[in-house]
1. Pairs, please: C-beta under 6 Å, at least 6 apart or cross-chain, first residue at negative phi and surrounded by fewer than 17 Cβ atoms within 10 Å (Cβ to Cβ) and in segment 28-49, second at pLDDT below 95 and part of a loop (DSSP other than H, G, I, E, B)?
2. Name the residue that is modelled with the highest pLDDT, counting only residues in segment 18-66 that are under 25 Å from residue 120 (Cα atoms) and assigned to a loop (DSSP other than H, G, I, E, B).
3. Every residue in segment 16-25 that is touching a residue at least 12 places away in the same chain (Cβ under 8 Å) and more than 14 Å from residue 69 (Cβ to Cβ), please.
4. Have a look at 76, 100 and point out the one that is under 14 Å from the mean Cα position of the chain (by Cα), within 24 Å of residue 120 (Cβ to Cβ) and touching a residue at least 12 places away in the same chain (Cβ under 8 Å).
5. For segment 85-121, which positions are among the polar types (S, T, N, Q), modelled with pLDDT of 95 or more and part of a strand (DSSP E or B)?
6. Given the conditions (1) touching a helix residue (DSSP H, G or I) at 6+ places or on another chain (Cβ under 7 Å); (2) part of a strand (DSSP E or B); (3) of a type outside the set (Ser, Thr, Tyr), report the number of the one that residue 72 does not fulfil.
7. If you scan segment 75-120, which residues turn out to be closer than 16 Å to residue 44 by Cβ and surrounded by 15 or more Cβ atoms within 10 Å (Cβ to Cβ)?
Amino acid sequence: MIKGIAHLCIRVADLGRTARFYCQGLGLEKAFDFRRDDKTVGFYLKAGNGNYLEFFEREPAEPGANPIDHLCFEVDSIDSVNAAVAAAGYTPGEKKMGADHAYQAWLTDPDGVRIELHEYTPDCCQKTGRTCYL
């Protein structure tokens with residue numbers, strides 16, 4: 001069911017400053033950008049072994065907010081995970097195709113942590129490296 005951690009999403013004040021730290025400072029490589037209209041609004045960095053860090057610029061009204069937005073698991077089958085979640089008495093997430101061409105579903109753990117499930121497709125940005133247009 002769960003293959004591993006797909007990504008951790010972090011909200012940041014300055015995408016350029018963040019990219020410089022993680023790429024130049026820590027040596028990570030950019031996988032792809034998220035763009036809305038003509039603006040880069042986020043990006044993925046390769047963190048090794050098919051794991052990623054996902055960054056989005058936070059809104060100016062969000063200072064002091066927890067920078068960790070959500071945890072994402074890569075799964076073999078969202079349908080299987082949703083069935084197990086429902087069988088355990090929890091509410092499964094709705095499976096839908098994301099802008100990155102990966103299937104996704106959203107859950108919330110008992111303490112309110114947002115959890116995204118990703119089921120990659122051959123055309124997803126995580127596999128192709130193409131820019132994701134939101």
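The values are calculated or read from the model by the stated rules, or taken from the named source; none is laboratory data. Every value quoted in this text rests on a predicted model; they were computed, and no experiment measured them. Cβ sites come from the backbone with ideal geometry, for glycine too, and all protein chains shown count toward neighbours.
1. Here the result reads 36/134, each pair linking segment 28-49 to a residue that is at pLDDT below 95 and part of a loop (DSSP other than H, G, I, E, B).
2. Checking each candidate, the answer is 37.
3. Of the residues in segment 16-25, the ones touching a residue at least 12 places away in the same chain (Cβ under 8 Å) are 18-19, 22-23.
Across segment 16-25, the qualifying residues are 19, 22, 23.
4. Exactly one of 76, 100 is under 14 Å from the mean Cα position of the chain (by Cα), within 24 Å of residue 120 (Cβ to Cβ) and touching a residue at least 12 places away in the same chain (Cβ under 8 Å), namely 100.
5. Narrowing segment 85-121 to residues among the polar types (S, T, N, Q): 91, 104, 108, 121.
With modelled with pLDDT of 95 or more added as a condition, the list becomes 104, 121.
The answer is 104, and nothing else.
6. Every listed condition holds for residue 72 apart from (1).
7. Hits for segment 75-120 are 98, 100, 101, 102, 104, 116, 118, 120.
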